[in-house]
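Step one of this worksheet: look at the structure below.
No value in this document is a laboratory result; all are computed from the given coordinates. Here the structure is a predicted model, which means the values were calculated and not measured. So basically every Cβ, Gly included, is an ideal-geometry build from the backbone, and we count neighbours across all protein chains shown.
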Amino acid sequence: MAEEEKAAQPEEEIPESEEEALKLPFPNARVVAIIKENLKNEHQLKRDVKLGANMLLAEILADIAQSMDKEEYFTLSIEHFNKAARKYREIALNQKRIRKIQKVLEKQRAELDEIVAEIELEVPPESQPNQ
């Protein structure tokens with residue numbers, strides 16, 4: 001029964017070795033805190049989620065840095081950062097646009113289906129060409 005109680009308890013945080021901590025680009029505790037702040041429901045995060053989030057943030061920051069590196073200026077300002085980070089900030093806007101286009105297309109599809117059904121009712125079956 002002690003094993004069942006142990007299994008029912010949430011996973012304890014496994015302390016990272018110093019070597020592993022050095023490989024992570026950001027403090028893992030801060031990354032986990034940001035994730036948990038944005039979860040509405042209580043969840044237990046597996047270790048690979050925490051590490052994956054940490055590595056993704058590093059990849060995004062590396063991409064932004066590479067974009068800023070293309071600037072001709074020696075001193076980079078927030079405007080340069082915002083320009084480089086723009087594509088990440090516009091993801092939600094683009095998804096909203098895509099959903100809007102999908103709704104318009106679905107509406108047009110429904111209208112076309114309705115027109116096809118009306119035409120099929122108007123044309124007698126014997127006058128329809130053989131397929």
Where the eigenvalues come from the Cα gyration tensor of region 56-97, what are the semi-axes √(5λ) of the equivalent ellipsoid, largest first, in whole Å? 21, 13, 7
Least to most buried among Leu112, Leu51, by other C-beta atoms within 10 Å and fewest first, runs Leu112, Leu51
When Asp48, Asp63 are ordered from fewest to most other Cβ atoms inside 10 Å of their Cβ, what list results? Asp48, Asp63
So, in nm, how far is label Leu56 from label Asn82 when the simple model puts each one 7 Å beyond its Cα toward the Cβ? 2.6
When the Karplus curve 6.51 cos²θ - 1.76 cosθ + 1.60 is applied with θ = phi - 60°, which whole-Hz ³J(HN,Hα) does each residue of region 110-116 get, with x for Gly and Pro? 4, 5, 5, 4, 5, 5, 4
